[in-house]
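J.: Below you'll find the structure I mean.
The values are calculated or read from the model by the stated rules, or taken from the named source; none is laboratory data. Predicted model, so just to flag it, every value in this text is computed and none were measured. In this analysis, Cβ positions are derived from the backbone assuming ideal geometry, glycine residues included, and neighbour counts consider all displayed protein chains.
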Amino acid sequence: MIRKFFEKLTGEQYVPEPQDSAIAAAVLMTEIIRADHDVDDTEKDAMRAALKSLIPERDVEALLTEAFDTVDVSNDLQRFTSAIHDQWEVEQKMELLVSLWRIAYADNDLDKYEEHMIRRIADLLYIPHSDFIKAKITARDH
């Protein structure tokens, strides 16, 4: 009841904190896809491949749908990076970062907004700049 009141007052829909790091990762991938304001099928395909690789036990299409729905009502990267930072090991975070770069490169056009978004995510995951660059090179060269 109180939540509904504040939703009407602020005009923003309530988005719960993600307990599920798989959803959080999918949302971050979706942010990269949408960063250049051009949702491309090749980027979505790269996202599907990344989700299958990072989170093989989950239904990829369900994650993709939930991620796009969540991004529509949330504009806070902190809540999603926080869930990943708390639950994932450094190696998993690096795999995610490489996946974000692969998604950005999927349409053969790395947009400055995609790069900026990945930089922000890397900072929020406490990934050093040298690893940020390594992930970018790894994604670009493979």
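J.: Test Val90 against the stated conditions and say whether it is among the β-branched types (Val, Ile, Thr), out of contact with any Lys or Arg (no Cβ under 8 Å at 6 or more places or on another chain), at pLDDT 95 or above and surrounded by fewer than 18 Cβ atoms within 10 Å (Cβ to Cβ).
T.: Working: among the β-branched types (Val, Ile, Thr): yes; out of contact with any Lys or Arg (no Cβ under 8 Å at 6 or more places or on another chain): yes; at pLDDT 95 or above: yes; surrounded by fewer than 18 Cβ atoms within 10 Å (Cβ to Cβ): yes.
Yes: the conditions hold for Val90.
J.: Do we find a residue being basic (Lys, Arg), out of contact with any Ser or Thr (no Cβ under 7 Å at 6 or more places or on another chain), under 20 Å from Arg140 (Cα atoms) and surrounded by fewer than 21 Cβ atoms within 10 Å (Cβ to Cβ) anywhere in segment 54-70? Let's see the steps before the verdict.
T.: Kept after step one, since they are basic (Lys, Arg), are these residues of segment 54-70: 58.
Keeping just the survivors that are out of contact with any Ser or Thr (no Cβ under 7 Å at 6 or more places or on another chain) gives 58.
From what's left, under 20 Å from Arg140 (Cα atoms): none.
The answer is no, given that none of the residues of segment 54-70 is basic (Lys, Arg), out of contact with any Ser or Thr (no Cβ under 7 Å at 6 or more places or on another chain), under 20 Å from Arg140 (Cα atoms) and surrounded by fewer than 21 Cβ atoms within 10 Å (Cβ to Cβ).
J.: Okay, next question. What about Glu43, is it under 13 Å from Ala25 (Cβ atoms), of a type in the set (Asp, Glu), out of contact with any strand residue (DSSP E or B) (no Cβ under 7 Å at 6 or more places or on another chain) and surrounded by 17 or more Cβ atoms within 10 Å (Cβ to Cβ)? Give the steps one after another, and end with the answer.
T.: Values: under 13 Å from Ala25 (Cβ atoms): no; of a type in the set (Asp, Glu): yes; out of contact with any strand residue (DSSP E or B) (no Cβ under 7 Å at 6 or more places or on another chain): yes; surrounded by 17 or more Cβ atoms within 10 Å (Cβ to Cβ): yes.
No, not satisfied.
J.: A follow-up question, please. Give segment 87-107 a look and list any residue that's more than 12 Å from Ala139 (Cα to Cα) and in contact with a helix residue (DSSP H, G or I) (Cβ under 8 Å, 6 or more places away or on another chain), or say none. Spell out how you get there, then give the answer.
T.: Filtering segment 87-107 for residues more than 12 Å from Ala139 (Cα to Cα) gives 87-93, 107.
Within segment 87-107, Gln87, Trp88, Gln92, Lys93, Asp107 meet the criteria.
J.: Moving to a separate point now. Name the single residue that is modelled with the lowest pLDDT among those in segment 12-43 being hydrophobic (A, V, I, L, M, F, W, C) and more than 13 Å from Thr81 (Cα to Cα). So that I can check it myself, show each step before the final result.
T.: Kept after step one, since they are hydrophobic (A, V, I, L, M, F, W, C), are these residues of segment 12-43: 15, 22-29, 32-33, 35, 39.
From the residues that got through so far, the ones that are more than 13 Å from Thr81 (Cα to Cα) too are 15, 32-33, 35, 39.
Working: Val15: 47, Ile32: 97, Ile33: 96, Ala35: 94, Val39: 90.
Filtering segment 12-43 for residues that are hydrophobic (A, V, I, L, M, F, W, C) and more than 13 Å from Thr81 (Cα to Cα), the one modelled with the lowest pLDDT comes out as Val15.
J.: Going by the structure shown, is Ile121 assigned to a loop (DSSP other than H, G, I, E, B), among the aliphatic types (A, V, I, L, M), buried (at least 17 other Cβ atoms within 10 Å of the Cβ) and at pLDDT 95 or above? If you could, list the steps in order and put the result at the bottom.
T.: Working: assigned to a loop (DSSP other than H, G, I, E, B): no; among the aliphatic types (A, V, I, L, M): yes; buried (at least 17 other Cβ atoms within 10 Å of the Cβ): yes; at pLDDT 95 or above: yes.
For Ile121, the condition - assigned to a loop (DSSP other than H, G, I, E, B), among the aliphatic types (A, V, I, L, M), buried (at least 17 other Cβ atoms within 10 Å of the Cβ) and at pLDDT 95 or above - is not met.
J.: Restricting attention to helices (runs of 4 or more DSSP H) lying wholly within segment 21-116, give those where 3 or more residues are farther than 18 Å from Lys134 by Cα.
T.: Numbers: elements: 21-35, 41-54, 60-73, 77-87, 90-105.
By residue number, 21-35, 41-54, 60-73, 77-87.
J.: Name every residue in segment 120-142 that is basic (Lys, Arg) and over 12 Å from the mean Cα position of the chain (by Cα), in order of residue number. Steps first, answer last, please.
T.: From segment 120-142, those basic (Lys, Arg) are 120, 134, 136, 140; that's our starting set.
Lys134, Lys136, Arg140, listed by residue number.
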